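What follows is one structure encoded as structure tokens, with my remarks underneath.
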Amino acid sequence: MKGITIDLAAAHALQSLTPRTVALIASIPDLDVPISSSDWTLGEAAVHLVFGARDYSEHARGAQRCYRINPADTAGNHDELASIAQRDRPALDTELQLGIDAFLDATEGRTAEDLLPWHVGSLSCASMTGLLLGEQLLHGYDMAQTLDAEWPIEAEPARLVVEAWLPLLPRLVDSAAVEGIAVSYELIVDGGPSVIARFCDGVSIDLSEDGPVDCRLSGDSISWLLALYGRVGWENLLRTGGVKMTYGDTALGAGFKRLLRNP
């Protein structure tokens, strides 16, 4: 795909940013406080990060199925998350660091293209690392807002996460929203990558390198990251210029995010 040059820079970003997330979790005075604009509490979000780190480290060691929480429940099993938060309360920060260390140890020496087992098929080492980095950036963002703590997101880590997600956009298609739709978008991230996403037959996206498009959208990596994960309203990003429509019908640009679920 044009512009897709994911490498294990995501591993270096994950290693350098994890201590910040660990410190944020350690600073939580009350795990039962609800997160703004979320169904989770601070404790449940922290447990989710710990679980994800453990889960991905097991995938990196070759395990195909290693869920401890029902994977079919996309919002998370609240009872189980809350139970783990209370049981492991003093150790959540340490457990996150141990889980990330285990993942980095398991992926050391691998190439970006090496395929690792995932809960749905397989995933490249670079993409899996980028997704794990995204978990920290976005759930840390949620927790920091609730705690009124600083949580700057820099352009390069954000770009690595978006880069990891773009080839996986077909997994995020909202089948109801795309029913009867045939439309193509070029998605351009400042500094790369760019892809063409074709919504075909109402249920899928065909990612390709070139060809005609109906709409072209471009923006900085932080705006794309927050938009992809649904942390900032799509219309707000278009209005403020975080994402710009440089070609196509205004209605197509405004409707793009409605075709995708949040990760």
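Per-structure values
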item	result
Filter result (among the hydroxyl-bearing types (S, T, Y), over 20 Å from I196 (Cβ atoms) and assigned to a helix (DSSP H, G or I)) within segment 209-263	T240
Residue within segment 131-151 that is under 22 Å from H12 (Cα atoms) and not in a helix (DSSP H, G or I) present	yes
Neighbours by Cβ (under 6 Å, 6+ apart or cross-chain): first from segment 105-125, in contact (Cβ under 8 Å) with a residue 12 or more places away in the chain and open to solvent by 50 Å² or more (accessible area, probe 1.4 Å); second assigned to a loop (DSSP other than H, G, I, E, B) and not basic (K, R)	H119/P71
Every residue from segment 38-62 that is open to solvent by 60 Å² or more (accessible area, probe 1.4 Å) and either over 27 Å from L169 (Cα atoms) or more than 17 Å from the chain's Cα centre (by Cα) (or both)	D39, R61
Single residue of T246, T240 found to be under 19 Å from L166 (Cβ atoms), of a type in the set (V, I, T), open to solvent by 20 Å² or more (accessible area, probe 1.4 Å) and over 18 Å from the mean Cα position of the chain (by Cα)	T246
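The values are calculated or read from the model by the stated rules, or taken from the named source; none is laboratory data. The structure presented is a predicted model; accordingly, all values stated were derived computationally and were not measured. Neighbour counts are summed over all protein chains in view; Cβ atoms, including those assigned to glycine, are modelled from backbone coordinates with ideal geometry. Keep in mind that these areas ignore ligands, DNA and RNA; they rest on the heavy atoms of the full protein, side chains included. Shrake-Rupley method; radii C 1.70, N 1.55, O 1.52, S 1.80 Å.
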